[in-house]
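Trainee: After the structure tokens below, expect a handful of questions from me.
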Amino acid sequence: MPMYQKDNMSTFLRSLVIALGLLLNTTSMMAIELPKFDPQKWQADMEQYIVMRAALTPQEAVKFFPIYREWKTKERAIFMQRRRFRHVDTSDNRASAEFIRTQDEFDIQMKKLQQTYHNKFMKILPAGKVMEIIKAEDQFHRNAFRRIMEKR
């Protein structure tokens, strides 16, 4: 092999190694270390936020949160069922149509479940407090999402 080809080859390899090193360094610097999700902390923080925002008394909280947790457990079960249907070949129209119908059914189940539990809540708490709880839960999720986006 002529000398100029060896020089070109070693220059190319050296440039390639440097480029890969810079790429790895840049991507590692860009990677954001988000804290590992802790479901118990999430639940405790959300419950505390709801108590504060909806001004629940200790007695109301003791009545409310077991029913609320029951609802969220059932809701998570529907979400888990829904996840099984995520990977559908969109070029298969029959499978796509079935996916759409199934997702619609999951949406209906979620709404019916939500309605059932809202009615249960209104049997143990005034409707105004239930409304404050709904708003507080929504605001908690919005704030959490905003915090995550700010860390990026």
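Trainee: For the subset of segment 105-142 comprising residues that are surrounded by fewer than 14 Cβ atoms within 10 Å (Cβ to Cβ) and small (G, A, S), which member is nearest to E75 (Cα to Cα)?
Mentor: That would be A127.
Trainee: Okay, next question. Within segment 96-103, can one find any residue that is over 20 Å from W71 (Cα atoms), loosely packed, with under 12 Cβ neighbours inside 10 Å, without any contact (Cβ under 8 Å) to a residue 60 or more places away in the chain and not β-branched (V, I, T)?
Mentor: yes
Trainee: Restricting to segment 104-142, and then to whatever is among the acidic types (D, E) and touching a residue at least 12 places away in the same chain (Cβ under 8 Å), can you tell me which residue is nearest to D45 (Cα to Cα)?
Mentor: That would be E137.
Trainee: Kindly list, by first and then second residue, each pair from a residue in segment 60-81 that is assigned by TED's automatic domain parsing to the domain that holds M46 and of a type in the set (V, I, T) to a residue that is in a helix (DSSP H, G or I) and surrounded by 13 or more Cβ atoms within 10 Å (Cβ to Cβ), limited to pairs with Cβ atoms under 9 Å and residues at least 6 apart or on different chains.
Mentor: Every condition considered, the pairs that remain are I67/Y117; I67/K120; I67/F121; I78/F106; I78/Q109; I78/M110; I78/L113.
Trainee: Where in segment 1-112 are there helices (runs of 4 or more DSSP H), lying wholly inside it, with at least 2 residues that are more than 27 Å from the chain's Cα centre (by Cα) and at pLDDT below 90?
Mentor: Counting at least 2 such residues, we get 3-30.
Trainee: Quick check, is F145 exposed (fewer than 11 other Cβ atoms within 10 Å of the Cβ), hydrophobic (A, V, I, L, M, F, W, C), assigned to a helix (DSSP H, G or I) and free of Cβ contacts under 8 Å to residues at least 12 places away in the same chain?
Mentor: yes
Trainee: Condition (residue is loosely packed, with under 12 Cβ neighbours inside 10 Å, within 25 Å of V51 (Cβ to Cβ) and among the basic types (K, R)) applied to segment 78-94: is it met by at least one residue?
Mentor: no
The values are calculated or read from the model by the stated rules, or taken from the named source; none is laboratory data. Quick caveat: nothing in here was measured; it's all calculated off a predicted structure. Cβ atoms come from the backbone with ideal geometry, glycine included; neighbour counts cover every protein chain shown.
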